[in-house]
1. Can you tell me which of 228-238, 208-218 comes out highest on packing, and rank the rest after it, using the mean Cβ neighbours within 10 Å?
2. Translational diffusion coefficient of segment 52-323 at 20 °C, 1.002 mPa s, Stokes-Einstein with Kirkwood Rh over Cα pairs, in µm²/s as a whole number.
3. Pull up all non-local amide H partners of Ile166: gap of 5 or more, or a different chain, and H-to-H distance under 5 Å with H placed in the peptide plane.
4. Which of the peptides 139-146, 100-107, 159-166 is most tightly packed, and how do the rest follow, going by the mean number of other Cβ atoms within 10 Å of each residue?
5. First measure r as the distance between the Cβ atoms of Asp233 and His88, then evaluate 1/(1 + (r/R0)^6) with R0 = 30 Å and state the FRET efficiency to the nearest 0.05.
6. Kirkwood Rh, segment 228-329, all Cα pairs: how many Å?
7. Could you pull out the pairs from Lys74/Lys113; Lys131/Lys241; Lys113/Lys321; Lys70/Lys129; Lys258/Lys321; Lys108/Lys303 whose alpha carbons sit more than 27 Å apart here?
8. All other residues with a Cβ under 14 Å from the Cβ of Ile274 taken together, and with Lys, Arg as +1 and Asp, Glu as -1, what is their net charge?
Amino acid sequence: MAANQDMTTLTINEFESLVQPVDAHEDQGKVLIDKLRVRTTGLVAQGSGSRTERVFHFHTDGQHNYSTDKELPKLLSPQKWSQLEGRHMESGYEECLQNDGLITDYDKYWHQKWHHFLKAIHDNHLIAKYKPQFVSFGGPVADIMATRFDNAFNWMVTAVRVKGIIYLLKTGNRRPIVLEPNAWTYCALNFLHSITDRDDNRKNEYEKHFAINCLDVDSHRLLTLNEVKAVDDKHQEVDLKLVRAIRSARNHNFMSKKLLKFWSKAWVQGMDQIVMANIEDDNHILDVEVRYVSQMPEQTHGKWSDDRCIEFLNRFLSFAKTCITEDRV
């Protein structure tokens, strides 16, 4: 049985060979899929033909070690959120910098995430159990959905088929290889610690919890890797966000685009709620509120449609299957 599992799983060595720079026009196994120009004519009703299930989770620590024995962080009860009002989220930033607690080498981190993702898939036989047609980080899938209504998501996907499965490896808008630490990133990290029961004393951005989700979109099945910031008392994943209070209040268009980004990520991950902290310009928390994912499309007054986003993703996945018909290895 183990030998058969190895035959269906992309190994780390194979992955490293695939992500080396290549000329896509000379390499028939790697296809660059540019932005789709699709006008949707039919709609995929939300809840019919689509579902998301968390099938596995793991943890990485500040030394990039992988483990499966740590519980997912739990969200504090809403009764305690008011205690965060007025708290300065930038407090401790300098100490975090001194301890190298923020991600700076994103390319190295990206590879480590893929290695952990593939290890979890291999060790737990997730390909054989769930039989996906696609494997990807959740972020690129969410970006593809949002493209239908926001051309700021000007992505280009590098996709490759290995052992019958299409891996969505990169997007053109992936972050720069080297990042400069910034206070806003630390504020988001501090917020995670402030509103959950995380027991790690030293704040470190490399310390993360990840879930592998099985996502069905019509006839397509994906395994996606997503960061888990918190779970509620029912063990359902909850996203945590920071938003500049003044900017969101004054710019409805800005907030509509933010909600599109929030919604697409939550939909891919199967989340029902987003806990959002409104932050003042001096990085003090003004208040904390819940946004329900199902209500977000209505709150944008028709600026985007969840059904059309899902339909766009459905068509993209169908299109990818027609483009990538032969295995790379």
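The values are calculated or read from the model by the stated rules, or taken from the named source; none is laboratory data. Predicted, not measured: the structure shown is a model, and the values here were computed from it. For neighbour counting, all protein chains shown are included, and Cβ atoms are generated from backbone atoms with ideal geometry for every residue, glycine included. To get the accessible areas, we keep the full protein, side chains included, count just its heavy atoms, and leave off ligands, DNA and RNA. Shrake-Rupley method; radii C 1.70, N 1.55, O 1.52, S 1.80 Å.
1. Values: 228-238: 17.4, 208-218: 20.9.
With the highest mean Cβ count within 10 Å placed first, the list reads 208-218, 228-238.
2. Numbers: Rh = 19.5 Å.
Translational D for this selection: 110 µm²/s.
3. Amide H neighbours of Ile166, under 5 Å, 5+ apart: Phe134, Val135.
4. Order by mean packing, descending: 139-146, 159-166, 100-107.
5. On the way: r = 28 Å, r/R0 = 0.94.
It comes to 0.60.
6. On the way: mean 1/r = 0.0642 Å⁻¹.
Averaging 1/r across every pair of different Cα atoms and inverting gives 15.6 Å.
7. Values: Lys74/Lys113 22 Å; Lys131/Lys241 33 Å; Lys113/Lys321 25 Å; Lys70/Lys129 23 Å; Lys258/Lys321 30 Å; Lys108/Lys303 37 Å.
Check vs 27 Å cut-off fails for Lys131/Lys241; Lys258/Lys321; Lys108/Lys303.
8. On the way: positive: Lys229, Lys241, Lys258, Lys261, Lys265, Arg291; negative: Glu227, Asp232, Glu237, Asp239, Asp272, Glu289.
The answer is 0.
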